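Below is one structure, written out as structure tokens; comments come after it.
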Amino acid sequence: MDLVEMDRVLVFAPHPDDETIGCGGSIVKHLELEREVSVAFPGNTTDITCRHMTHEEYLKLREGEIPRALKVLGIDPDHTIMGSENNPWHYSEERLRLWALAVIRKIEPQVVYLPHPNDDHVDHKVVSRAVLDAIGMAPGPWFLEYGSESNCPPVQTVLGYEVWTPIQSPTYYETLTVQQTDTAMRALCEYTSQEIHKYEQACRARYALRASMHEGPTGKFAEAFTVLKATNLF
């Protein structure tokens, strides 16, 4: 991706690890180009439970693994934004929309990543819809209580990433080097609370599949996206 005058990237992740699974390689690539990358999580992890450990143990684990994973990717801790939703599977779309609006107006990103709209996970669907609405609202003169200090420029490019449900017909591929892929996978491995799901194996296989579809036998790794908005690609 080579965007004109693009230096701020914003990633919305319904849950910690979605940012790495969906576009971790692209995050690494942006940071290598010295672009500012921020990650916004709508939840605050305080009401998450796990059958394998107590609530207190799981909460402590989750709160520790988020900064570790983002550090591996290279994201500055000051560029991590936590929301106030505390009950996954019951996200309020209205609250998410206004929260995302405030985040977008604060960061003023040129590029936004979010779950693609056809992801089957209920949280991913809600976050995708809410953020897309907020992107459309951000440049307008309405809802001035949600970041109105200056006129927010329109987001130039919006890419939907895949996590739970593969994108049926990708419209954009980001080719990754072995090193970029390895960095993303090392970050993913910091989410030790999720290791039972073997996401690293699944991600590497998907990266290889997408590269093969995109570049044929010469491709090694790639991430696939749905282009939801494109203003300046070249």
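A short reminder: the numbers here are calculations on the coordinates, not readings from a lab. These numbers come from a predicted model, not from an experiment. Quick reminder, even Gly has a Cβ in these numbers, built from the backbone with ideal geometry, and neighbours come from all protein chains shown.
Antiparallel versus total DSSP beta bridges in the chain: what percent is that, nearest 5? Percent antiparallel among DSSP bridges in the chain is about 35.
For the listed peptides 106-119, 9-22, a ranking on the average number of other beta carbons within 10 Å per residue, highest first, reads 9-22, 106-119.
Annotation: for a label point projected 7 angstrom from Cα along Cα→Cβ of D7, residues of region 94-117 with backbone N closer than 20 Å are 104-113. When each full DSSP H helix of the chain is screened for a Cα extent of at least 18 Å along its own axis and an average Kyte-Doolittle hydropathy of at least 0.0, the helices passing are 93-107, 122-137.
Remark: W99, W164, W142 ranked as W142, W164, W99, counting other beta-carbon atoms within 10 Å and listing the fewest first. Spherically averaged projected area of the convex hull of Cα atoms, the chain: 12.1 nm².
As a rough footprinting exposure proxy, the listed residues K229, K60, K125 were ranked by other beta carbons within 10 Å of their own, and the order from fewest upward is K60, K229, K125.
Taking 0.36 nm per residue of separation and subtracting the Cα-Cα distance, full extension of the segment from L61 to S92 would add 8.6 nm.
In this rough spin-label picture, where each label sits 7 Å from Cα along the Cβ direction, the E36-M82 distance is 2.2 nm. Between A202 and F143, residue separation times 0.36 nm minus the direct Cα-Cα distance comes to 17.1 nm.
Arranged from fewest to most other beta-carbon atoms within 10 Å of their beta carbon, R105, R204 become R204, R105. Dipole check for the chain: with +1 at the C-beta of Lys and Arg, -1 at the C-beta of Asp and Glu, and the Cα centre as origin, the magnitude is about 380 Debye. Per residue, the Cα convex hull of region 111-187 amounts to 144 Å³.
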